[in-house]
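A quick write-up on the structure given underneath.
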Amino acid sequence: MPTREAATNRGRERRQQLLRATADLVAERGYHAVGVAEIGAAAGVTGAAIYRHFGTKMDLLVALMDQVVDNLQERAAVASMAERPLDTLISSHVEFALRNRAIIAVYDQEAHNLPPHDLRRLRRKQRAYVDQWAAVLSEARPSQSPQEALAHVHATFGLLNSVSDFPSPLPKDEMAAMLSRMAKAALFA
């Protein structure tokens, strides 16, 4: 059964609570080790209440991943119109990565568990996000080939998304500044 859109503000907030709880629990223990009742309890509802918003536990995971990619694409569209689009893309992705470590970890760990049609759809969306970055990078570095731009973008994502793999001893603002410098260096290497 597909995901259901919430009709009220309370329903939309509950849906977001369920998505956050899913991200935290699945990042910590893995998709198959987390039950619907645990997700509901972490979001402050019964497990059965999840089915008012999502048809299945898998629908919950797919909705979480869709939300992540959609959010990144929206940020990239805004960044492409900024005065300094590459700097805006970098700072936007750094902020996203630092704020959403659990979601990045879930995506890395669990994307292979998605139904094939959902995985293909998400991969298409991811490619569109990469293409947005590559287009901005190509404007900043017109001498590089499109293949080089894509390679630089993918490497930069690997660098930025690696924050999901370790707890940083640095304060968030210092970590963000360091990641931004490293991303720019990777893009212009």
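State all residues of segment 104-137 that are under 15 Å from residue 76 (Cα atoms) and of a type in the set (S, T, N, Q); if no residue qualifies, say none. Hits for segment 104-137 are 126, 132.
For segment 51-76, enumerate the residues that are farther than 23 Å from residue 112 by Cβ and in contact with a helix residue (DSSP H, G or I) (Cβ under 7 Å, 6 or more places away or on another chain). 53, 75, 76 - these are the residues of segment 51-76 that are farther than 23 Å from residue 112 by Cβ and in contact with a helix residue (DSSP H, G or I) (Cβ under 7 Å, 6 or more places away or on another chain).
If I filter segment 34-48 for residues that are surrounded by 13 or more Cβ atoms within 10 Å (Cβ to Cβ) and within 20 Å of residue 164 (Cα to Cα), do I get at least one hit? Yes: one or more hits.
Yes or no: residue 174 at pLDDT below 95, of a type in the set (D, E, K, R) and farther than 19 Å from residue 107 by Cβ? It is false that residue 174 is at pLDDT below 95, of a type in the set (D, E, K, R) and farther than 19 Å from residue 107 by Cβ. Give the residues of segment 5-41 that are among the aliphatic types (A, V, I, L, M) and over 16 Å from residue 57 (Cα atoms), sorted by residue number. Scanning segment 5-41 gives 6, 7.
The values are calculated or read from the model by the stated rules, or taken from the named source; none is laboratory data. Given the structure is predicted, the values throughout are model-derived calculations rather than measurements. In this analysis, Cβ positions are derived from the backbone assuming ideal geometry, glycine residues included, and neighbour counts consider all displayed protein chains.
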